[in-house]
1. Quick one: grab the alpha carbon gyration tensor of segment 1-101, order the square roots of its eigenvalues as a ≥ b ≥ c, and give me rounded if a/c is under 1.5, else prolate or oblate depending on whether a/b is larger than b/c.
2. Just grab the label-to-label distance for Lys144 and Leu48, each label 7 Å out from Cα along the Cβ direction, in nm (one decimal).
3. Taking the Cβ-Cβ separation of Ser8 and Lys192 as r and a Förster radius of 25 Å, what is the calculated FRET efficiency to the nearest 0.05?
4. Testing the spin-label approximation: label points 7 Å from Cα along Cα→Cβ at His35 and Thr152. State their distance in nm.
5. For labels at Thr111 and Trp213 in the simple 7 Å Cα→Cβ model, what's the distance in nm?
6. Structure shown: which of Lys15/Lys178; Lys144/Lys204; Lys96/Lys183; Lys96/Lys193; Lys78/Lys144; Lys3/Lys96 lie over 21 Å apart, alpha-carbon to alpha-carbon?
7. Zone of His25 (label point 7 Å along Cα→Cβ, backbone N under 17 Å): which residues in segment 77-95?
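Just so it is clear, none of the values below were taken in a lab; they were calculated from the coordinates. For clarity, every value in this text was computed on a predicted model and none was experimentally measured. We place every Cβ from the backbone using ideal geometry, glycine too, and count neighbours over all the protein chains shown.
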Amino acid sequence: MDKLAIVSKIEIEVKCLFEGEGTGHDWYHIDRVRHNALKIGELENADLFLVELGALLHDIADHKFHGNDLSVGPARSKELILKNGGDENLANRVSKIVSEISYKGAGVETTISSLEAAVVQDADRLDAIGAIGIARAFAYGGSKNREIYNPTKNPHLHDTFLAYAEDDGATINHFYEKLLLLKDRMQTATGKKMSIKRHSFMEKFLETFYDEWNLGESR
Ligand code: ADP
Ligand code: NI
């Protein structure tokens with residue numbers, strides 16, 4: 001198998017599918033996840049070929065193939081790998097990575113069974129936090145017509161960053177439902193380390209956000 005050729009063909013296909021997507025799942029998300037996954041994978045001694053393909057294909061089911069069919073992403077990954085010169089074994093291994101990290105509905109935590117899947121999941125989670133994570137959250141919220149914040153619907157305790165979440169609440173809720181929890185859910189030591197700065201930035205962001213909202217800066 002010509003590894004380089006497989007990666008570059010799959011990259012071209014994925015790029016075509018994701019270019020210009022407006023809800024935080026654009027090609028650049030895939031590309032950032034790929035780069036961070038390779039960085040983490042290198043330090044964690046993972047198989048970088050599997051990591052790169054897993055990262056490129058990790059959101060493949062999210063694009064144009066929505067719905068609750070969990071088999072779409074893995075099946076599509078397998079198909080793409082076979083079509084682009086990969087063998088059955090490679091196709092199965094990558095599709096397993098995709099199946100383990102692609103679905104995150106209803107708070108379900110899927111089991112991660114390989115180092116490579118852990119690496120890709122960490123890279124995907126890193127892209128959901130920090131400055132980029134903040135931008136993606138508001139882009140996603142806007143795409144669902146959600147308010148950025150609503151103090152009457154979403155009371156919070158400024159000091160402790162506690163808030164209660166509502167299903168269809170403002171985007172700020174998503175920080176408490178998910179984004180602030182990701183740091184402690186990282187799977188690899190390298191991923192954990194990389195999440196710290198991004199996590200503090202989100203805390204700082206929220207602090208400043210509430211401060212400005214309450215006109216704290218003029219006090
Ligand atoms: P990915 O598949 O890239 O891990 P998701 O499909 O879960 O991410 O979400 C894509 C982006 O949209 C992420 O940055 C995520 O934080 C954000 N997002 C998902 N659900 C919400 C929500 N309810 N409110 C705001 N942002 C959200
Ligand atoms: Ni993703």
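1. Details: a/c = 1.44, a/b = 1.17, b/c = 1.23.
Because its axes are fairly even, with a/c under 1.5, segment 1-101 counts as rounded.
2. 3.7 nm
3. 0.20
4. It is 4.4 nm.
5. 4.0 nm
6. From the list (Lys15/Lys178; Lys144/Lys204; Lys96/Lys183; Lys96/Lys193; Lys78/Lys144; Lys3/Lys96), the Cα-Cα distance tops 21 Å for Lys15/Lys178; Lys144/Lys204; Lys96/Lys183; Lys96/Lys193; Lys78/Lys144.
7. Taking a point 7 Å out along Cα→Cβ of His25, the residues of segment 77-95 whose backbone N falls under 17 Å are 77-78.
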